[in-house]
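Q: Next up is a structure, given as structure tokens.
The values are calculated or read from the model by the stated rules, or taken from the named source; none is laboratory data. What you see is a predicted model, and the numbers here were worked out from it, not measured in a lab. Cβ coordinates were reconstructed from backbone atoms using ideal geometry, including for glycine residues, and neighbour counts include every protein chain displayed.
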């Protein structure tokens, strides 16, 4: 029996190609990335903050952030694009935001994130 470079025979006689093994690997392990959602916030991490919301970062990796009067900053995350678009159209501005705090990654570093549940513009 001749075998190609990308296949092998298991000891019990089953023939499995490398392409099939890679397909299964990518389907199982990387398929979960497509179904990812916001991280679950730990119970009791709901906070309310007031501060200036602005767009930070460089295109195409920009993020909405709030900076409080105490100089705490949070990357804002939203459950849908419509909510993000609505607040982004009104930035920069002063807002009161309510949401769940969690640690996420921004520009390759751990950073406080706020999963926004409610927001109100204050400086109209």
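Q: What's the total number of residues in region 93-114 that are without any contact (Cβ under 8 Å) to a residue 40 or more places away in the chain and assigned to a loop (DSSP other than H, G, I, E, B)?
A: The total comes to 1.
Q: With the requirement that a residue be surrounded by 15 or more Cβ atoms within 10 Å (Cβ to Cβ) and in contact (Cβ under 8 Å) with a residue 40 or more places away in the chain, what does region 74-92 give you?
A: 74, 76, listed by residue number.
Q: From the list 30, 38, 22, exactly one residue is surrounded by 11 or more Cβ atoms within 10 Å (Cβ to Cβ), part of a helix (DSSP H, G or I) and modelled with pLDDT under 90. Which is it? Walk me through it before giving the result.
A: Working: 30 fails: surrounded by 11 or more Cβ atoms within 10 Å (Cβ to Cβ); 38 fails: part of a helix (DSSP H, G or I).
Checking each option against the conditions leaves just 22.
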